[in-house]
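Following: one structure in structure tokens, then a few remarks.
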Amino acid sequence: MTDAQTPAGGDFLSLQHVKPFVREDGAAKSLHFALGELQSRMLLRRPAYLALDYTRTMMGFLLFRPAPVHIGMIGLGGGSLAKFCHRQLGTSRMTVLEINPHVIALRREFQVPEDDERFQVIAADGALYLQQEVPSFDVLLVDGFDHQGQPAALCSQDFYNDCFAALAADGVLVVNLHCDHPDYALLVGRISRSFNGNAVEVMAVEKSNSIVFASRGEAISPRRMSLAQSLSGLDAEARMQLKSELVRIAWEMKNLDPETA
């Protein structure tokens, strides 16, 4: 199939998931499960631009892995991160896991690239995929939400353990969490536990999302970061968009590091 690899029984699976809707205001197109619940936003004149602040924060993984060979992502949404990585990281392969077939059905509307040798969208439960396939990602982005928020299957201790196992030796996990989630502190604690304490929280600019970076390899530290190297593979527009955010992330991590604070 051209849209995604879809398991047998796709019609039945469609009935199990809420169908999102799309709104357009003349300048942008957005994906929603409910009014007031923004899932993704795409600027019509700049479809590969990262319009939401938290997506720019998630790209902070470039400070640790500026040229990942294989990027995994759980949660397609409107494809903002997928499009950006596909366009800007030309040597990286990307595998996107999306459980909701209705979301995948909107990929053309949000200009998500077709599957090719570098890019693939798979209709699958991300948590089960990590258990059954045991991949080896250099970077794993977890941004999976449904109409009720973050699914329990994507924030359990076992899931974060599986994320650890799914990473290459020096791989980096990047998790988007809602700061107002009642179990926010518990979830951060689970990620830290799975990664032996090698995890750092960075609040997105608008402070409604918090991004947790966790590394399977070396300790997350500003001493490992090179802004020039992190931006070197990007085009001029992307460098301009991400430079200030990467500087902010590095500064926050420096303040959190007892050896550099």
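No lab work stands behind these numbers, since they all come straight from the coordinates. None of the values given here were measured: they were computed from a predicted structure.
Results, tabulated for the structure shown:
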| quantity | calculated |
| --- | --- |
| log10 of Debye I(q)/I(0), alpha-carbon scatterers only, for the stretch 19-119 at 0.11, 0.12 Å⁻¹ | -0.32, -0.38 |
| Under-5 Å amide H pairs with Leu97, H placed in peptide plane, nonlocal only | Met73, Ile74, Gly75, Ile122 |
| Rg(Cα)/(2.2 N^0.38 Å) for the stretch 12-67, N = residue count | 1.45 |
| Per-residue HN-Hα couplings for the stretch 186-202 [Karplus 6.51, -1.76, 1.60; θ = phi - 60°; Hz; x = Gly/Pro] | 5, 5, 4, x, 5, 4, 4, 5, 5, 10, 6, x, 8, 9, 9, 9, 10 |
| Reciprocal mean inverse distance between Cα atoms of the chain - Kirkwood radius, Å | 18.5 Å |
| Cα-Cα over 22 Å, subset of Lys29/Lys83; Lys83/Lys243; Lys83/Lys207; Lys207/Lys254 | Lys83/Lys207 |
| Cα-based equivalent ellipsoid of the stretch 108-147: semi-axis lengths in Å, sorted from largest, via gyration tensor | 20, 16, 10 |
| Built amide H within the under 5 Å cut-off of Ala168, gap 5+ | Phe137, Asp138 |
